[in-house]
Each structure stands twice: as C-alpha cells, then as structure tokens.
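Asker: Below is the structure I would like to discuss, written out as structure tokens.
Read-outs: derived from the displayed coordinates by stated rules, not from any lab. No experiment lies behind these values; they were computed from the predicted model shown. Note that we place each Cβ from the backbone using ideal geometry, even for glycine, and neighbour counts take in every protein chain shown.
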C-alpha cells in the first residue's frame with residue numbers, strides 16, 4: 001500500500017512546532033531567527049516541544065547568519081550544540097558546511113555526523129549554493145549524511161523541479177532528497193508527482209501576529225532597520241498545515 005510522503009514544517013519557535021503537530025505534520029525543523037534563514041534554537045525550545053508533542057524534531061545547527069564557511073570557534077560551537085541536542089532528545093540534526101570555494105566541506109561534515117552519534121543528519125539548502133550538486137551529493141553520501149533539503153538550486157522548489165528530479169535519480173537511494181522552498185497546498189501534489197520525492201519541507205504556513213507591548217514607544221527598534229518591526233512576529237497556523245496534509249492525501253489517492 002502506498003503511503004503519503006512525509007511532511008516536515010519549518011518552525012522558528014516551540015509554539016510553531018506545537019502548532020505543526022496539531023496540524024498533522026510528521027516532523028518539524030526547529031530553528032530560531034527564520035528572518036535570517038534559520039539559526040540554532042535554544043535547548044529549552046527542543047525540551048518544550050518534546051514534552052508537549054509526539055512529533056519528530058529535526059534541530060537546526062547553524063551558529064551564525066551569512067553563509068556557511070565558519071570560523072573555528074563557530075564550528076566548535078556547532079559541534080557542542082549538536083552533542084547537546086543529540087543527548088537531549090532530538091530526532092535528527094540539520095546543518096551545512098561549505099568551504100571557501102563553495103563546495104561541501106567533507107571533513108567538517110564527517111565530524112558533525114560523528115558527533116550526531118547515530119542520529120540522522122540533514123544537509124540543508126547550502127546545497128543550493130554549490131557549483132556541482134552531483135559532486136556534493138557524492139561527498140555527502142560519503143560523509144554519512146542521511147537527507148538533503150533542496151530547492152533544486154532554484155528560488156523555489158517548483159522552479160527547480162527538473163533539477164530536483166535529477167537529484168533524486170542521481171542519489172539512487174543513497175540519500176533522501178527533500179524538496180523545500182515555496183511549497184504550498186496548491187503545488188505540493190504536482191511537485192511530488194513530478195519528482196517522485198518521498199519527503200517534503202514547507203515553511204509557508206504562518207500568519208502575522210501582533211505584540212502591542214511596545215505601544216508606548218513604537219518607533220524604537222532594537223535590531224537592524226531591515227529587521228521585522230518590534231510589534232510583529234509570525235507563527236505557524238495549524239489549519240494551513242492541515243491543508244498541506246490534506247493536499248498530500250488527495251495527491252496520493
């Protein structure tokens with residue numbers, strides 16, 4: 001009997017992960033700072049999600065914004081975080097290490113897989129920056145990576161759907177290729193039917209919320225002027241997650 005593809009939701013907080021669980025997602029990618037592309041979350045966020053839900057939690061380990069070629073200190077922090085998350089109940093880890101030339105850093109990826117101590121490791125969309133994705137997949141398979149999140153090097157997974165299909169064929173079961181980027185209820189079925197993917201990642205399931213605690217001084221900003229306003233934040237909407245789940249169910253009938 002054919003089973004539905006696994007649905008992973010990108011989450012920027014413990015609340016996001018809990019909402020995703022209520023919406024029927026199979027797994028969450030737990031991050032912080034989604035505005036920056038997703039950074040390492042707190043250990044407390046992982047513990048709260050594990051206590052309040054039964055959902056699988058893949059924890060992002062990304063020590064800073066702005067690329068994926070890290071200093072020795074940043075890399076040491078990443079390894080420490082990975083070890084902590086592995087010991088505290090993470091179901092998988094997510095990361096990505098590139099060399100200065102944009103290729104996968106094999107040595108660092110291997111070291112991270114070792115620290116993961118048997119947990120599945122996903123290499124995130126840093127793969128979409130490499131000059132040769134075939135070479136990158138070979139290196140990641142050698143390093144022991146389990147899964148690769150990719151938009152097929154396009155701005156969205158649908159834009160990169162031809163490459164995603166080629167990646168899945170080339171991986172030939174050595175790695176799971178998980179499409180992600182711009183995936184919504186209206187296109188998820190067509191994308192999966194075309195690529196043959198068995199797992200899919202979506203982040204477009206949140207609503208804008210407002211926090212009025214800064215009402216007495218609304219012009220003050222604590223971050224960069226390009227960062228979101230201090231009185232707004234996004235949170236996953238379980239009904240939007242459920243719409244994705246329903247679309248997956250329909251597409252498999």
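Asker: Going out from 0 in 5 Å bins, what whole percent of all Cα-Cα distances in region 89-233 drops into each bin?
Answerer: Using 5 Å bins, I get a P(r) of 2, 9, 17, 17, 14, 12, 10, 9, 6, 3, 1, 0 for region 89-233.
Asker: To continue, here is another question. Helix-derived [θ] at 222 nm for the chain: sum -39500 (n - 2.57) over DSSP H runs of at least 4, divide by residue count, nearest 500? Intermediate results must be reported in sequence, preceding the final value.
Answerer: Working: 8 runs with 91 residues, N = 253.
For the chain, the value works out to -11000 deg cm²/dmol.
Asker: Based only on other Cβ atoms within 10 Å, what is the fewest-to-most ordering of 219, 33, 227?
Answerer: In order of increasing Cβ crowding within 10 Å: 219, 227, 33.
Asker: Same structure, new question: Can you put 188, 9 in order, fewest other beta carbons within 10 Å first?
Answerer: Values: 188 25, 9 30.
Lowest to highest Cβ neighbour count: 188, 9.
Asker: Per 0.36 nm of contour for each residue apart, how much would the distance between residue 186 and residue 100 grow if the chain were fully extended, relative to their Cα-Cα spacing?
Answerer: Numbers: separation 86, 0.36 × 86 = 30.96 nm, distance 3.80 nm.
Difference between extended and current length: 27.2 nm.
Asker: Counting DSSP beta bridges in the chain, what percent are antiparallel, to the nearest 5? Before the final figure, lay out the partial values.
Answerer: Details: 7 of 32 bridges.
DSSP beta bridges in the chain are roughly 20 percent antiparallel.
Asker: Something else about it: Using a basic spin-label model with each label point 7 Å from the Cα along Cα→Cβ, how many nm lie between residue 107 and residue 129?
Answerer: 1.9
Asker: Residue 3 versus residue 142, label points 7 Å from Cα toward the beta carbon: distance in nm?
Answerer: About 3.2 nm separates the two model spin labels.
Asker: Still on this structure: Quote the relative contact order of region 71-179 in percent (integer), defining contacts as alpha-carbon pairs under 8 Å separated by 6+ residues.
Answerer: Working: 162 pairs, mean separation 23.3, N = 109.
RCO, region 71-179: 21 percent.
Asker: Which whole-number percent gives the relative contact order of the chain, counting Cα pairs below 8 Å spaced six or more residues apart?
Answerer: Working: 502 pairs, mean separation 49.0, N = 253.
Relative contact order of the chain: 19 percent.
Asker: For 35, 68, 85, which order do you get if you count the other beta carbons within 10 Å of each Cβ and list the fewest first? Show your work: numbers first, answer last.
Answerer: Working: 35 16, 68 21, 85 26.
Neighbour counts put them in this order, fewest first: 35, 68, 85.
Asker: Using a 7 Å offset from the Cα along the Cα-to-Cβ direction at both residue 172 and residue 155, what is the distance between the two label points in nm, to one decimal?
Answerer: Each label point is offset 7 Å from its Cα along the Cβ direction, giving 3.5 nm.
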